[in-house]
Amino acid sequence: MTRTHARAPAGLRAVDAVPKNWGDNITVTAALTLDGIVAPMMLYGSMNSRAFEAYVEQCLAPELLPGDVVVLDNLRAHKTDRVRDLVEATGARLMYLPVVGHQKARKSERQVRAAIRSHIGSLFAGKTG
């Protein structure tokens, strides 16, 4: 956070530098499994439906096995029919996270990871195989 106020000796102005966000926007996408990260992709620019469909087709789908569960958040780019078709064509199941309030959305990465693992674990509770 950049400070908006500062103290300086009487008659002098407080001066400081602030970092700028120079350069291109880079989006990094990957799948998180119980065994680690798979299907990473780096994209110059922001994610849109076409880019996400290409990610699913070229990176994620080859990693999926029948019975896998793909859990996505509610980004509009994730909710196309083509994404669903690509995931389900591998025999995997597609689910979306429930919409949550602003406070819950600010959980740390570790808490989110634990919640996803718990959710996936609950899908298979009681199943043997």
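The values are calculated or read from the model by the stated rules, or taken from the named source; none is laboratory data. Everything quoted here is computed from the prediction, not taken from an experiment. Cβ coordinates were reconstructed from backbone atoms using ideal geometry, including for glycine residues, and neighbour counts include every protein chain displayed.
For the stretch 37-48, the criterion of being modelled with pLDDT under 90 and part of a strand (DSSP E or B) is satisfied by at least one residue. Within the option set Glu63, Glu57, being modelled with pLDDT of 90 or more, in contact with a helix residue (DSSP H, G or I) (Cβ under 6 Å, 6 or more places away or on another chain) and acidic (Asp, Glu) holds for one residue only, Glu57.
Sub-7 Å Cβ pairs linking a first residue in the stretch 1-27 that is farther than 19 Å from Ser46 by Cα to a second residue that is loosely packed, with under 10 Cβ neighbours inside 10 Å and basic (Lys, Arg), at least 6 apart or interchain, are Ala14/Arg7, ordered by first then second residue.
If you go through the stretch 1-36 and keep only what is part of a strand (DSSP E or B) and polar (S, T, N, Q), you end up with Thr27, Thr29, Thr33. Taken together, the criteria exclude Asp16 from residues that are touching a Phe, Trp or Tyr at 6+ places or on another chain (Cβ under 6 Å) and over 30 Å from Ser118 (Cα atoms). Of the residues making up the stretch 49-74, those that are among the acidic types (Asp, Glu) and not in a loop (DSSP other than H, G, I, E, B) are Glu53, Glu57, Glu63. Pairs under 9 Å by beta carbon, first residue modelled with pLDDT of 95 or more in the stretch 70-95, partner exposed (fewer than 13 other Cβ atoms within 10 Å of the Cβ) and part of a strand (DSSP E or B), six or more apart or different chains? Close Cβ pairs satisfying both conditions: none exist. For the stretch 22-50, which positions are farther than 30 Å from Ser122 by Cβ and either surrounded by fewer than 11 Cβ atoms within 10 Å (Cβ to Cβ) or over 14 Å from the mean Cα position of the chain (by Cα) (or both)? Scanning the stretch 22-50 gives Trp22, Gly23, Asp24, Asn25, Ile26, Met42, Tyr44, Gly45, Ser46, Arg50.
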